[in-house]
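For reference, the structure is listed below as structure tokens.
Values quoted throughout were computed directly from the atomic coordinates according to the rules given, and no laboratory measurement underlies them. Since we're looking at a predicted model, the values are computed, not measured. All Cβ positions, glycine included, derive from the backbone under ideal geometry; neighbour counts span all protein chains shown.
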Amino acid sequence: MALPGSLIEQLSERLTQHLGRAVDIEQADAVGGGSINDAWRLHTEEGPFFLKTNDADRFPSLFEAEADGLARLRKTDTLRVPEVIAFGEDHDTTFLLLEHIGTGARGADFWERFGTGLARLHRHTAKAFGLERDNYIGSLPQPNRQHATWPEFFVHERLEPQLKLARDRRRVEAGMAFRFERLFHQLDGLFPTEPPALLHGDLWSGNFLCDAEGRPVLVDPAVHYGHREMDLAMTRLFGGFDAELYRAYHAEHPLEQHWEERVDLCNLYPLLVHVNLFGGGYVAQVEAILRSFS
């Protein structure tokens, strides 16, 4: 598979505009690692650049939303985030053109820097939970209508939409909906009251890198303002994060007592996402959490 010539031409024009001098793309190599998008390394005289492509009809605003999320994270200047150069469409292909991040070995202070940076990111707040725009979590649409309280947002914008999708796809039985309803009535007393925090939103081990200087880099966000325990909980869902991250985070921006007891509660959302994407054993994990909380 190769990139269409019209897209190569458009990307050259975008790079020329970005750098203020003529840029020719000498070669485009497909790279692995993405389960949703195709990924490419573009070789130019100005160095490499990173490109994502997908079907514009399937995901019409996917890269626009991702570009917005990356820009929001980058603006905080807390952790390294790739610079967005351009996004757009070429015929039936949608694309996102980014700074290329060279990778390397983790420095001795990698996890400390990660934890401290994440805590500082979460200090960025807003008037309401949610976001001015919707985006995606993986390949699924993620609604972000704004709400005054975290329980309202968690129920109406996170759990209910995924539960409805799971029922529509016949991934779960009707009985699960009743257990969720019981849980919804308890949420006001389960989460500590905190201001909305700017979240990465999909913080598992596949969505961070280590750059050539040994520093953490955030990629592939599902940004919104939410309860900060959501990001911390997702780091526990599939592993891959060192204990030093949590120590450094707590030193910078202490978490409320018993936050670890709410990890499973927070992870109901990403688990429901995985139910809708993959089914299988994720349904049993959701059931087990519901039994423990309701």
0 to 90° range, to nearest 10: angle between helix 174-184 axis and the chain longest Cα axis: 80 degrees
Signed unit charges on C-beta, dipole axis of the chain, positive-most listed residue 274, 138, 7: 274
Simple label model, 7 Å out from Cα along Cβ direction - residue 21 to residue 83, nm: 1.4 nm
Under 27 Å from the Cα of residue 127 - lysines, other chains or at least 8 residues apart: 75
For segment 70-84, 3J(HN,Hα) per residue [Karplus equation, 6.51 cos²θ - 1.76 cosθ + 1.60, θ = phi - 60°, Hz, x = Gly/Pro]: 4, 5, 5, 5, 5, 5, 6, 6, 10, 10, 5, 9, x, 6, 7
Choice from 231, 202, 188 with maximal GNM fluctuation in the chain (Cα, 10 Å cutoff): 188
Listed residues 129, 257, 95: farthest to the positive end of the dipole of the chain (Cβ charges): 257
Helix axis angle, 243-252 relative to the chain longest principal axis, alpha carbon, degrees: 80 degrees
Calculated from backbone phi, Karplus (6.51, -1.76, 1.60) coupling profile of segment 270-285 in Hz, x at Gly/Pro: x, 5, 5, 4, 5, 4, 6, 8, 10, x, x, x, 5, 4, 5, 5
Note, ³J(HN,Hα) from phi for segment 203-218, Karplus 6.51, -1.76, 1.60, rounded to Hz, x at Gly and Pro: 8, 10, 5, x, 10, 9, 10, 10, 7, 5, 8, x, 9, x, 9, 8
Lys/Arg +1, Asp/Glu -1 at C-beta; the chain dipole; positive extreme among 51, 177, 105: 177
Residues with amide H under 5 Å from that of residue 80, placed H, sequence gap 5 or more: 218
Packing-based ranking, highest mean first, of 191-200, 3-12 given that Cβ atoms within 10 Å are counted: 191-200, 3-12
Dipole in debye (nearest 20) - the chain, about Cα centre, beta carbon charges: Lys, Arg +1; Asp, Glu -1: 940 debye
GNM flexibility winner over the chain from 25, 36, 85 (Cα, springs under 10 Å): 36
DSSP bridge orientation in the chain - percent antiparallel, rounded to nearest 5: 95 percent
